[in-house]
Every structure is written in structure tokens, then in C-alpha cells.
Amino acid sequence: MFGSSHNPANAYAQLGVESAVRSADAHRLILLLFEGAQNALLLARLQGEQGNVSARGSAISKAIDIIANGLKVSLDLKQGGELAERLAALYDYMVSRLLWASLKNDLPVLDEISGLLEEIHGAWREIEPGKQ
């Protein structure tokens, strides 16, 4: 599903996340991206509930960045075929909904996107690295 020009390590490192990126394989990096996006959404929800608009917006922006510039750019649309195309469209949908949530302070949207991410994340957790 990943091509040489679609390196999840580069996408993850560019997001400024400090972890063992260089020693992690592509599968682990994708899992870390999902975890980062989920954590950002959780923080956005907490900040939204507390009325901290600036911090909520920053957390939503981080989730958007991870989804658009981490998860989506890691897809290889050529080798991944229809599945990769559908994931790309789903990631675009998530970004669009998160922009809406940020603009309208629509906290239930954060739960919607968190649920979608968790479904995909769960599937990734089930994949064994040697069987990709």
C-alpha cells in the first residue's frame, strides 16, 4: 500500500512528533499517526468543553495535520487501488468535518471523527507487519 515516494516516516517526522521514528517500521508509524490524531481530538474536546477556543482550535489543527499530511499522504493510490482511494476520500471527509467543528464549535463532530479513526486504527492494529 506504500510506495517509495509515500514514506510514512517522512510524514510522521515532519509533524514534529518526538518518538523512535527512525527505528519504527511503516506499520508502527501508521499506528503512531492514528494515536496522535486521537490524542489531538481528545484534547480538542476537553478544551472545547472548557471554553478554551484557541487551544481547541490548535488541537483540531493538529488532528487535521496528522490526517491530511500523515495518514493521507502515506497512501499509495496506485498500489492500494480502490481501498486506498476510499481511505483518501474518507480522510478528506474527516478534514472537512474537523474544519466545520472548528468554525462552529461543533463538539459532537469530534466524536464522529474519533469514531471513524478508531475503526480504521483497529483494522491497522489487527494487521501483522509480516503479512502486508
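The values are calculated or read from the model by the stated rules, or taken from the named source; none is laboratory data. This structure is a prediction, so every number in the text was calculated from the model and none was measured. Heads up, the Cβs are rebuilt from the backbone with ideal geometry, glycines too, and the neighbour counts pull from every protein chain shown.
Kindly establish whether Ser74 is surrounded by 17 or more Cβ atoms within 10 Å (Cβ to Cβ), within 16 Å of the chain's Cα centre (by Cα) and modelled with pLDDT under 95. Walk me through it before giving the result.
Values: surrounded by 17 or more Cβ atoms within 10 Å (Cβ to Cβ): yes; within 16 Å of the chain's Cα centre (by Cα): yes; modelled with pLDDT under 95: yes.
Against the criterion (surrounded by 17 or more Cβ atoms within 10 Å (Cβ to Cβ), within 16 Å of the chain's Cα centre (by Cα) and modelled with pLDDT under 95), Ser74 qualifies.
Would you confirm whether or not the range 73-91 contains a residue that is among the hydroxyl-bearing types (Ser, Thr, Tyr) and under 19 Å from Asp25 (Cβ atoms)? First the steps, then the outcome.
Pass one, the range 73-91, residues among the hydroxyl-bearing types (Ser, Thr, Tyr): 74, 91.
Restricting the remaining residues to those that are under 19 Å from Asp25 (Cβ atoms) gives 74.
Yes, there is a match, as at least one residue in the range 73-91 is among the hydroxyl-bearing types (Ser, Thr, Tyr) and under 19 Å from Asp25 (Cβ atoms).
Within the option set Ala44, Ala26, Ala13, being more than 23 Å from Ala123 (Cβ to Cβ), at pLDDT below 90 and surrounded by 15 or more Cβ atoms within 10 Å (Cβ to Cβ) holds for one residue only, Ala13.
One residue stands out among those in the range 68-84 that are part of a helix (DSSP H, G or I) and free of Cβ contacts under 8 Å to residues at least 40 places away in the same chain: the one that is nearest to Leu103 (Cα to Cα), which is Ala68.
Residue-level check: of (1) more than 18 Å from Arg28 (Cα to Cα); (2) loosely packed, with under 11 Cβ neighbours inside 10 Å; (3) touching a residue at least 40 places away in the same chain (Cβ under 8 Å), Pro129 misses just (1).
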